[in-house]
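Participant: Please find one structure pasted underneath; my questions will follow.
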């Protein structure tokens, strides 16, 4: 949900700039900075942004850039009315006919003299239409930025999913050897028992318990479910509309459960190393899922 969009136009002889920035957020958190003449339309502008962007920590700024066609570009016009008022007050207090040059230089540095006069008059219908068009242009640029970032995220997700699938495939050789090693270890432990103890063992019951024990360690179901989750994650990424990010988050949680179960059933260090690597990749996926709408 991170993004940036910018558009520029002219309003009453001044350049006006619209900028939109966004960070991750589970809901719409909109902060607005507006030029004085736009403040009466803040609610309408908020509605436009909320409807088109859905959610995110969004900063909207529509401000005059101080460029005036009637003055030199970038310069603040002098408030000559304020200059005259200060000069008349000085002459009246000092009872003189002319204001000395050094006093006039001081007056010209007064904040009110150089302060830009705010235009708070209502917008005409044509001006309001232009502002809406300006905002929508900035939003279009913002969405284009998001789309580009989304394509990069999709490529990253596919790479990470490929990594998990590859690690899952590497589990299989250890899984086959594991059953044989468990049986061998159990047989060795039985061989160390005394002959009298071994004679008392019910071999049929022992075989049943061994089968039950090995079935508890079987990871076939976890492998199948994790593979299906990876497939569903890819299918969901290819979908359109809002809510895809939440679905991907839920799928990632389910993937985490299967990987954790694999880890709990892995009694070989090689398998546990693979599980740790899968967890690391999944955490990277979960962090970036927050960027998806």
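The values are calculated or read from the model by the stated rules, or taken from the named source; none is laboratory data. Since we're looking at a predicted model, the values are computed, not measured. We place every Cβ from the backbone using ideal geometry, glycine too, and count neighbours over all the protein chains shown.
Participant: Looking only at the range 219-272, filter to residues that are on the phi < 0 side of the Ramachandran plot, without any contact (Cβ under 8 Å) to a residue 24 or more places away in the chain and not in a helix (DSSP H, G or I); which one of those is surrounded by the most Cβ atoms within 10 Å (Cβ to Cβ)?
Facilitator: Step by step, filter the range 219-272, then rank; the result is 239.
Participant: Out of (1) at pLDDT 90 or above; (2) under 35 Å from the mean Cα position of the chain (by Cα), the odd one out for residue 148 is which?
Facilitator: (1)
Participant: If you take the residues of the range 61-107 that are touching a strand residue (DSSP E or B) at 6+ places or on another chain (Cβ under 9 Å) and in a loop (DSSP other than H, G, I, E, B), which of them is modelled with the highest pLDDT?
Facilitator: 77
Residues checked against (1) loosely packed, with under 13 Cβ neighbours inside 10 Å; (2) within 22 Å of residue 240 (Cβ to Cβ); (3) modelled with pLDDT under 90:
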{"residue": "109", "(1), (2), (3)": "yes, no, yes"}
{"residue": "131", "(1), (2), (3)": "no, no, no"}
{"residue": "136", "(1), (2), (3)": "no, yes, no"}
{"residue": "157", "(1), (2), (3)": "no, yes, no"}
{"residue": "163", "(1), (2), (3)": "no, no, no"}
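Participant: Within the range 1-49, restricting attention to residues that are over 23 Å from the mean Cα position of the chain (by Cα), in a helix (DSSP H, G or I) and farther than 11 Å from residue 62 by Cα, which residue is modelled with the lowest pLDDT?
Facilitator: Among them, the one singled out is 40.
Participant: Restricting to the range 11-43, what's the tally of residues that are under 18 Å from residue 127 (Cβ atoms) and touching a residue at least 12 places away in the same chain (Cβ under 8 Å)?
Facilitator: Residues meeting the conditions: 16.
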